[in-house]
Amino acid sequence: MNHAIEWEELGRERIASYDVFGVSESRARSPRTGQVMSFNVVEMADCVQVVPVTETGEVVMVRQYRHGAAMPSLEFPAGRMEAGESPVQAAARELLEETGFTAEAIALMQTVRPDPAILTNRIHLLAASACVHACEPTQDEGEAVHVVIVSPDEVDQLIRDGAIHHSVTISAWYFYSRFPELRP
């Protein structure tokens, strides 16, 4: 059995650019056959998703319309990282912008790849503790975000019921609920 799995990338060319992503064609040589093949990849910025928990143990979530699914989605505050931002800085910014909450502490739990077959980005999953409402949200022009406060048990039930269907939100909750040592 051949254990070589690394493909030799021979080149990558941007073929389309859009507001939040680009599409590139990657040409690579198969480690098994030596054949050169082309693959399309979607280039996106790294993102954060933060699980915010209040001083009383409630979970802060957001409900917003998602155009890809053409329906509302219940999820944790999230967004693209800006140039030069650390995951913790981006999580604090997104939490404040989308919900008006601040956190006493924020910690990186894990970094995941939402679809490594075609997407280049990573999503940093963070936990925020002792969150308090500090101000009104300052949402982007293209956002209509509604804050929803739930108990940890409700998050589990909402996932079981399919009311939370965002895979990254489910991943973030997995790390938060299963690995308490990763929390701040």
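Each reported figure results from applying straightforward, stated rules to the coordinates on display, with no laboratory input. Computed from a prediction, not measured in an experiment: that's the story for all the values here. No Cβ is skipped: glycine too gets one built from the backbone with ideal geometry, and neighbour counts run over all protein chains shown.
Before moving on, here are some points about what is shown:
- Candidates 175, 101, 179: the one that is of a type in the set (A, V, I, L, M, F, W, C) and either without any contact (Cβ under 8 Å) to a residue 60 or more places away in the chain or within 27 Å of residue 22 (Cβ to Cβ) (or both) is 101.
- Residue 164 being in a loop (DSSP other than H, G, I, E, B), under 18 Å from residue 58 (Cα atoms) and touching a residue at least 24 places away in the same chain (Cβ under 8 Å): yes
- Filter result for residue 6 (surrounded by 15 or more Cβ atoms within 10 Å (Cβ to Cβ), part of a loop (DSSP other than H, G, I, E, B) and free of Cβ contacts under 8 Å to residues at least 40 places away in the same chain): no
- Residue 131 fulfils the conditions (1) in a strand (DSSP E or B); (2) surrounded by fewer than 17 Cβ atoms within 10 Å (Cβ to Cβ) except for a single criterion, (2).
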